[in-house]
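Inspection log for the structure reproduced underneath, given as structure tokens.
The values are calculated or read from the model by the stated rules, or taken from the named source; none is laboratory data. These numbers were taken from a predicted model, which means no experiment stands behind them. Cβ atoms come from the backbone with ideal geometry, glycine included; neighbour counts cover every protein chain shown. Surface areas here come from the heavy atoms of the whole protein model, side chains and all, with no ligands, DNA or RNA. Shrake-Rupley method; radii C 1.70, N 1.55, O 1.52, S 1.80 Å.
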Amino acid sequence: MSPRLLACCVVALGCSSETRPARPAATPSADAAVGRAAPPPARDATAPPRAPTRDAAAPPPASRDAAAPAASRPASAPASAAAPTAKRAAARRFGACNIAHCERDRGTLLRCERACEADPRECGGLGDALLRGSCGLTRNVGRAIELYEKACRAGEDVACLSAAQALADRGGSDDVARGIRLYGPRCHEIGDARCEVLAQLLRQPSPLRDAPRALALYVRACGSGGYDDSPESCDAAAEMLEKGEVPADPKRAERLRRLAARIQKQRESEGR
């Protein structure tokens, strides 16, 4: 073989036997070395955007009612609707008007006046003071009756009774008729024993005088000897039967007298 050909072979063999550098082995990243998760792969820019998740610490969204315009919200109740409740609460705050305390408590009269202004049903106590002329007030029956009537029309039945009694005691024809109209529909709501005041009014001379009804009310208030029965009503009914204000009935009158004595004896034994 010629030297030239040999040299070519050597060159060719040297080129084929040349070694290429080996690819270095993959080494763990710094994140993997410290135990951290590898960053997420880059998001494809062509993908549709995801809806943002709500942060748990973020405040809740405002309700539709809060966002609604003021005109669409229901209007609050008018102030006048709460007025009666406020007046009743004011009367309760001043406390019951008890004129029995006014001699030792000078603030009683002021509380009574304020309670009457706040709630008409509380005017009866002030009427008591005027009727009796107590608590430093000058006696004024007419004004007392007006206050009783005011409380009565507001629903205070005891004030109706007080007004009827004051009108019956005054005794004028107009007063009697006024008492009958005021107290007539209410006496049974208080109790049959309290209807003797209406009977007293119906017995007196007036355009509304009704003796038979007065007798029936007296007998009903007299009852049959129970705790709330009125011996005074038994005696009044017996008197009407004896005097002929209704058809006379002496025997019935005698029974009523005995019943009155029995009720009175029972009261005395019970210390009433």
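One line per residue, one yes/no per condition, for (1) in a helix (DSSP H, G or I); (2) free of Cβ contacts under 8 Å to residues at least 24 places away in the same chain; (3) of a type in the set (Lys, Arg); (4) surrounded by fewer than 17 Cβ atoms within 10 Å (Cβ to Cβ):
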{"site": "Leu126", "(1), (2), (3), (4)": "yes, no, no, no"}
{"site": "Glu149", "(1), (2), (3), (4)": "yes, no, no, no"}
{"site": "Cys152", "(1), (2), (3), (4)": "yes, no, no, no"}
{"site": "Leu161", "(1), (2), (3), (4)": "yes, no, no, no"}
{"site": "Asp169", "(1), (2), (3), (4)": "yes, yes, no, yes"}
{"site": "Gly179", "(1), (2), (3), (4)": "yes, yes, no, no"}
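Restricting the range 184-209 to residues that are part of a helix (DSSP H, G or I) and without any contact (Cβ under 8 Å) to a residue 24 or more places away in the chain, which is surrounded by the fewest Cβ atoms within 10 Å (Cβ to Cβ)?
Among those residues, the one meeting the criterion is His188.
Can you tell me which residues in the range 226-244 are in contact with a helix residue (DSSP H, G or I) (Cβ under 7 Å, 6 or more places away or on another chain), open to solvent by less than 60 Å² (accessible area, probe 1.4 Å) and not in a helix (DSSP H, G or I)?
Result: Asp229, Ser230.
Taking the stated definitions as given, is Tyr218 in a loop (DSSP other than H, G, I, E, B) and within 23 Å of Glu268 (Cβ to Cβ)?
no
One line per residue, one yes/no per condition, for (1) farther than 27 Å from Ile180 by Cα; (2) touching a residue at least 60 places away in the same chain (Cβ under 8 Å); (3) aliphatic (A, V, I, L, M); (4) in contact with a strand residue (DSSP E or B) (Cβ under 9 Å, 6 or more places away or on another chain):
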site: Pro212; (1), (2), (3), (4): no, no, no, no
site: Ala216; (1), (2), (3), (4): no, no, yes, no
site: Val219; (1), (2), (3), (4): no, no, yes, no
site: Lys243; (1), (2), (3), (4): no, no, no, no
site: Glu254; (1), (2), (3), (4): yes, no, no, no
site: Ala261; (1), (2), (3), (4): yes, no, yes, no
site: Lys265; (1), (2), (3), (4): yes, no, no, no
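Count, please, the residues in the range 245-270 that happen to be assigned to a helix (DSSP H, G or I) and within 43 Å of the chain's Cα centre (by Cα).
Within the range 245-270, residues that are assigned to a helix (DSSP H, G or I) and within 43 Å of the chain's Cα centre (by Cα) number 6.
Testing Asp157 on (1) open to solvent by less than 20 Å² (accessible area, probe 1.4 Å); (2) within 33 Å of the chain's Cα centre (by Cα); (3) closer than 22 Å to Arg203 by Cα, one condition comes back false. Which one is that?
It fails just one condition, (1).
If you take the residues in the range 245-272 that are of a type in the set (Gly, Ala, Ser) and open to solvent by less than 80 Å² (accessible area, probe 1.4 Å), which one is nearest to Gln204 (Cα to Cα)?
Within the range 245-272, the match that is nearest to Gln204 (Cα to Cα) is Ala248.
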